[in-house]
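What follows is a structure written as structure tokens; I'll ask about it next.
The values are calculated or read from the model by the stated rules, or taken from the named source; none is laboratory data. Please read these numbers as outputs of a predicted model, since none were measured by experiment. Cβ: placed from backbone, ideal geometry, glycine included. Neighbour counts: every protein chain shown. Side chains included, ligands, DNA and RNA excluded: accessible areas come from the protein's heavy atoms. Shrake-Rupley method; radii C 1.70, N 1.55, O 1.52, S 1.80 Å.
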Amino acid sequence: MPSEECNDAWLETFRAAVQHPERTERQRALKSFGQDFTRDAIIAEECPRIFDDTYLHILRCYGDRFESVRTLAVAAMDALLGKLPPNDYYLGCIVPVLAKRIGQAETIEDSEEVRLQLLEQLETLVAKYSDPDGSRGGDPLLKVLDSVIDTLIKSLRDPFPAAQKKSCEIVIALAEATPSLHYRAEALVAPAKSILTHRHSANRIAAVEALGVLSLHILSNGDCVSEIIMAVSPLLMDDVPFVRRACGRVGCLMLQKLRDRYSFFHRILPLVLNCLCDETVEMREDIEAGWKQAGELYYRENETELSKAALIETVPKGYPGERYRRPTLACRAIVQRSLRVVNLVLHEMEEWKENIRLHATKLLKQIVLHAERSFSTLFLEVNPVLAKACMDAEKSIVSEALSVCELMGILLDYDTWSQHMLATFKNYPTIGQLRCMRTLFASCVQDEVKCKDVRKFATLLLDPDVCHNHRDAVYQRELLEFCSILASSGQKQEALTARLEEITVCESNDSTAGEQQTLERTLYTVALKVVAFCYGLEDRASVRDLGMTVLGLLDSNVDRLHQHHLASVLCKIEHLESENSDASTSILLLCGIVAVCGFQDSYFTILNETLQKAVAHAAPEGKVKLFSAISVAMLSWNVHNAQPKEDQIAMLRALTDAVIAPHLVWSAGRSAESVRAMATACFASMAQGVDPNVYMSLLPTYLNVLSGLIDDNCIATRAYSLKALVRLQALNFESLKLIAFPIMSRLDDPSGEVRELAAVCLGRLQLDVALSEDGQQNTIDRWQDILRQILSVMFLHLEHPETKLRCAIFDSLKRLHTDNRELIERLASDVPSGCSYKKDLETITSRTKST
């Protein structure tokens with residue numbers, strides 16, 4: 001151990017060197033001083049005297065103009081402090097210097113690394129003089145508290161990220177080291193809040209933790225605590241899971257240690273509950289453990305009341321235990337006494353930022369999960385905002401909102417929401433309210449009660465504002481899904497077909513109307529209208545299929561449903577006397593019904609009358625759409641009609657005379673031309689969909705009109721009129737003469753399709769001798785004369801360059817050759833041998849002879 005004289009000499013040398021004008025001398029002296037302490041060359045008993053002799057010189061080096069000297073000076077003081085006893089005298093010597101270097105309004109220390117080093121020294125001092133309970137004779141840090149706080153106020157705003165983070169750590173250490181932080185805690189809140197938006201996640205985490213600790217030491221200013229909570233809350237949406245976890249941990253800390261915490265439960269809960277539905281499993285488990293600890297503390301504090309509730313509580317019926325873990329009784333009690341938080345949540349659910357709306361909706365789900373039946377009192381104010389969330393543009397928000405609705409349907413009493421939803425949806429039939437109502441009804445586990453109200457919900461769906469909303473495919477899908485749920489509810493106790501006849505639905509609130517119908521008819525009406533509105537829209541195919549599925553739930557035989565209920569639907573289509581365009585709701589509905597349901601004997605009369613009324617008053621474009629639907633329905637005539645031939649003829653004649661035939665007559669104008677073309681298309685569809693014998697019994701009556709349409713100016717009309725004749729059977733001579741030459745003239749039509757159809761129709765021309773009014777031979781001769789002219793023209797067109805036309809003529813010649821062998825062979829023999837089609841004709845005649 002060196003003698004006292006040696007120490008004095010060493011100290012004198014150090015004091016001289018540290019004041020030397022040369023930087024290298026000062027550096028060497030400070031470095032040697034620090035190394036001596038590091039190597040334990042100085043005994044602890046000598047340290048106080050050494051400090052007294054050297055601290056002024058070392059602290060003076062804190063302001064040296066060279067950074068390297070300042071760094072060594074701080075390191076030397078750290079080494080000296082490590083050997084000094086915890087005497088508050090030393091605090092008064094060092095802390096003011098630190099405050100002067102890094103705690104001034106202007107930046108004195110320009111080196112980031114030195115500032116960080118000085119903060120580390122301050123942290124060492126705080127830890128060294130820690131006395132949280134006064135066991136060391138008082139609170140030594142209280143004497144320098146103002147200087148420390150002033151230093152931290154400045155350093156918390158330091159642009160150097162490491163210095164900021166270190167300052168937050170010192171705040172936490174200071175809170176643990178002194179019971180006097182509450183005197184100046186509020187002063188640190190604003191600087192700490194400024195770090196919450198730092199780009200480094202580690203700094204944000206440190207700031208959140210520091211603010212959480214500061215909130216525990218703010219004793220009288222509740223507004224400041226609220227500001228801390230509001231400042232931390234946005235970080236619940238941070239991209240870094242550790243930042244979100246820090247928010248949750250601060251929430252759990254406040255729930256357990258914050259003064260007057262009961263008053264702040266409604267503000268603290270979002271910090272915790274949002275983390276319980278985080279996507280990171282580890283974080284959920286971490287915060288859930290802290291949440292349970294807060295609940296256990298609350299239980300101990302309110303054991304008298306909660307122990308009684310624990311004796312009688314039961315798990316709610318239908319509780320989704322496979323998806324949710326039921327919170328403890330105490331945790332639920334905390335939320336149930338803090339339902340004021342719902343007002344904050346509803347406000348954020350209407351924010352313009354998507355992530356805020358999403359997290360607010362998740363938070364509402366956690367509140368419902370904890371509040372259970374206590375949430376009933378808030379349903380009226382929550383419903384409008386929740387319905388808005390159910391139709392949010394962001395799908396994730398819609399999914400969470402529907403989860404909230406599902407939980408409310410399970411946990412709340414049916415009577416809590418049913419009457420309100422019925423009244424609200426009647427006034428505001430939005431897709432959000434529809435989704436909300438559907439989910440509530442579907443998830444409700446009180447089957448007996450809700451089955452009694454099935455008719456009330458079905459009545460709402462009959463409203464034209466609901467089932468006539470054909471512009472929104474999503475709305476239509478939701479409507480059909482609700483119909484499916486209502487239909488399933490009718491099957492709970494017995495078969496639907498038996499139960500539905502017992503449950504009736506009043507379609508009008510007017511007591512004088514007195515019109516009632518079965519639930520089956522109500523749901524059928526809604527589903528059919530949705531399916532009808534999807535007619536002709538390829539992008540609605542999935543909605544249409546869902547509608548047919550719903551109809552299948554009502555009755556496996558959908559045609560039987562049409563037979564029972566379609567007449568009622570047709571009678572209620574309104575505004576058909578108006579001049580409706582093709583975009584009119586009434587026209588769209590009627591066209592869809594005709595195309596989907598087709599024609600059946602049970603409702604044919606009312607359908608015919610409805611079509612007659614609609615076509616008579618509709619605008620030209622509306623008539624075109626109606627005739628298009630009729631032509632589609634005609635294609636399935638044989639599927640729906642198996643009556644005797646005479647009955648089918650009567651039905652077709654009534655429809656044709658009243659609806660179709662009046663629009664086959666020529667009239668000027670482009671609109672009339674389009675209507676005429678589509679009316680002709682109805683005959684073309686009849687030729688394909690109606691039994692040939694029935695069709696041929698009807699056709700001769702209209703051949704006079706069709707023969708004129710074959711020469712119409714519109715290509716589509718000419719094509720449809722020929723399609724109406726492609727399945728011709730034998731006709732009398734007058735009928736053949738009426739159409740033969742017009743058909744033949746179409747072989748030179750500008751349209752390739754019309755030419756091919758004309759060639760096909762010529763092959764179907766066949767004389768029915770039994771129908772001849774003159775002598776049979778005379779009629780045959782006259783037909784042969786006409787046929788000779790037709791065949792000659794057909795022969796000429798065998799030289800046409802178009803392959804499809806030549807093939808059609810060739811097939812028609814083979815058909816005609818069957819009944820007119822002699823004539824065709826004679827004409828074929830007269831064809832010169834050099835003709836290109838000579839071999840084709842010989843092929844026809846040779847095949848027939850061989851046969």
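Quick one: angle between helix 145-155 and the longest Cα principal axis of the chain, in degrees between 0 and 90, rounded to 10, please.
Once rounded, the angle reads 40 degrees.
Further question: Counting Lys +1, Arg +1, Asp -1, Glu -1, what net charge surrounds E481 among other residues with beta carbon under 10 Å of its beta carbon?
After counting each charged neighbour, the total is +2.
I've got another one for you. From the P(r) of the range 355-411, can you give the percent of Cα pairs sitting at distances over 13 Å?
55 percent
What is the calculated FRET efficiency for E574 to H347, with r their C-beta to C-beta distance and R₀ = 51 Å, to the nearest 0.05?
Using R0 = 51 Å, I get an efficiency of 0.75.
If you don't mind, there's one more thing I want to ask. Whole number please: convex hull volume per residue, Cα atoms of the range 240-302, in Å³.
70 Å³
For H617, tell me the accessible area in Å² from a 1.4 Å probe, rounded to the nearest 10.
Surface accessible to solvent at H617 totals approximately 80 Å².
Now, a different point. Mean 1/r over all different Cα pairs, inverted: what Kirkwood radius does the chain give, in Å?
For the chain, the Kirkwood estimate is 36.0 Å.
Of I485, I593, which has the most accessible area with a 1.4 Å probe, and how do the rest follow in descending order?
I485, I593
Related question: Over all Cα pairs of the range 642-775, how is the pair count split among 10 Å bins, expressed in % and running from 0 up to the last occupied bin?
12, 43, 34, 9, 0
Can you give the extra length, in nm with one decimal, that the chain gains between D768 and V639 once fully stretched, where that is 0.36 nm per residue apart less the Cα-Cα distance?
Taking D768 through V639 to full extension adds about 43.5 nm, to one decimal.
What does the charge dipole of the chain about its Cα centre add up to, to the nearest 20 debye, if the Cβ of each Lys and Arg holds +1 and the Cβ of each Asp and Glu holds -1?
940 debye
Hey, another quick one. With the cut-off at 20 Å, report for the range 163-316 the share of all Cα pairs above it, as a whole percent.
Beyond 20 Å sits 51 percent of the P(r) for the range 163-316.
In percent, how large is the relative contact order of the chain, given Cα pairs closer than 8 Å and 6 or more residues apart?
4 percent
Still on this structure, I have one more. Using only alpha carbons, build the gyration tensor for the range 752-830 and give me the equivalent ellipsoid semi-axes, biggest first, whole Å.
25, 14, 9
Follow-up question, since we're still on this one. Taking the alpha carbon gyration tensor of the range 124-172, what are the square roots of 5 times its eigenvalues, largest first, to the nearest whole Å?
So the three semi-axes of the range 124-172 are 24, 11, 7 Å.
While we're here: With θ set to phi - 60°, apply the Karplus curve 6.51 cos²θ - 1.76 cosθ + 1.60 along the range 728-745 and write out the HN-Hα couplings as whole Hz, x wherever there is a Gly or Pro.
Going residue by residue, I get 4, 10, 4, 10, 6, 4, 4, 5, 5, 4, 5, 10, 4, 5, x, 5, 4, 5 Hz, with x marking Gly and Pro.
To the nearest 500 deg cm²/dmol, what mean residue ellipticity at 222 nm is calculated for the chain from DSSP H runs of n ≥ 4 alone, each contributing -39,500 (n - 2.57), summed and divided by the residues?
Taking each H run of at least 4 residues, the total per residue is -21500 deg cm²/dmol.
If you stretched the chain out fully between S671 and H198, how much longer would it get, using 0.36 nm times the residue separation minus the C-alpha to C-alpha distance?
Stretched out fully, the S671 to H198 stretch lengthens by 163.4 nm.
For the range 548-675, treating each Cα as an identical point scatterer without solvent, what Debye log10 I(q)/I(0) comes out at q = 0.13 1/Å?
-0.54
Would you kindly derive the ³J(HN,Hα) couplings of the range 179-187 from the backbone phi angles with the Karplus curve 6.51 cos²θ - 1.76 cosθ + 1.60 (θ = phi - 60°), listing them in order in whole Hz, with x for Gly and Pro?
In residue order, the calculated couplings are x, 9, 4, 4, 5, 10, 4, 4, 5 Hz.
Taking the alpha carbon gyration tensor of the range 176-242, what are the square roots of 5 times its eigenvalues, largest first, to the nearest whole Å?
Over the Cα atoms of the range 176-242, the semi-axes work out to 22, 13, 9 Å.
If I model the range 112-219 as equal point scatterers sitting on the Cα atoms and use the Debye formula, what is log10 I(q)/I(0) at q = 0.19, 0.20, 0.23 Å⁻¹?
Calculated log10 I(q)/I(0) at the listed q: -0.88, -0.98, -1.26.
Can you send over the solvent-accessible area of E176, 1.4 Å probe, protein chains only, in Å² to the nearest 10?
For E176, the solvent-accessible surface is approximately 130 Å².
How big is the C-alpha Rg of the range 269-313 next to the rule-of-thumb value 2.2 N^0.38 Å, as a ratio?
Output field value: 1.40.
I'd like the projected area of the range 252-371, averaged over all directions, using the convex hull of its alpha carbons. Report it in nm² with one decimal.
One quarter of the hull surface, i.e. the mean projection, equals 8.1 nm².
Taking all pairs of different Cα atoms in the range 150-210, averaging 1/r and flipping that mean, what Kirkwood radius in angstroms comes out?
11.3 Å
Let me ask another. Calculate the all-directions average of the projected area of the range 337-463's alpha-carbon convex hull, and give it in nm².
7.2 nm²
Right, here's the next one. Mind pulling the angle between the C-alpha long axis of helix 473-489 and the longest principal axis of the chain? Nearest 10 degrees, somewhere in 0 to 90.
Tilt of helix 473-489: around 90 degrees.
Taking every Cα atom in the range 308-351, find the radius of gyration and the maximum pairwise distance Dmax, and write them in Å.
13.9, 42
Within the range 733-756, list the residues whose amide N lies under 12 Å from a label point set 7 Å along Cα→Cβ of E802.
746-756
A further question on this structure: Distance check, please: which entries in K362/K426; K388/K452; K426/K572; K426/K613 exceed 23 angstrom between their Cα atoms?
K362/K426; K388/K452; K426/K613
Right, next: If Rh is defined by the Kirkwood formula over all Cα pairs and Rg also comes from Cα, what ratio Rg/Rh do you get for the range 391-493?
Reported Rg/Rh, Kirkwood definition of Rh: 0.94.
Let me cross-check R267: its accessible surface, 1.4 Å probe, with only protein heavy atoms counted, in Å² to the nearest 10?
Approximately 70 Å² of R267 is accessible to the 1.4 Å probe.
Which length gain, in nm to one decimal place, applies between K100 and T314 when the Cα-Cα distance is subtracted from 0.36 nm times their residue separation?
Length gained, K100 through T314: 70.6 nm.
Another question, if that's okay. Expressed as a whole percent, how much of the Cα-Cα distance distribution for the range 627-699 exceeds 16 Å?
46 percent
Rounded to the nearest whole Å², what accessible area per residue is found for the chain with the 1.4 Å probe?
Per-residue accessible area for the chain comes out at 44 Å².
What angle, in degrees between 0 and 90 and rounded to the nearest 10, separates the Cα long axis of helix 620-634 from the longest principal axis of the Cα atoms of the chain?
80 degrees
Label-point separation (nm) for D539 and A583, each offset 7 Å from Cα along Cα-to-Cβ?
Modelled inter-label distance: 1.5 nm.
Once phi is turned into ³J(HN,Hα) by the Karplus curve 6.51 cos²θ - 1.76 cosθ + 1.60 with θ = phi - 60°, what whole-Hz value does each residue of the range 324-336 show in order, with x for glycine and proline?
10, 8, 5, x, 5, 4, 5, 4, 5, 5, 4, 5, 5
Ignoring ligands, DNA and RNA, what percent of the 1.4 Å accessible area of the chain is carbon and sulfur?
Ligands and nucleic acids excluded, carbon and sulfur reach 49 percent.
For L156, which sequence-distant residues (separation of 5 or more, or a different chain) have an amide H within less than 5 Å of its own amide H, given hydrogens modelled in the peptide plane?
HN-HN under 5 Å from L156: empty list.
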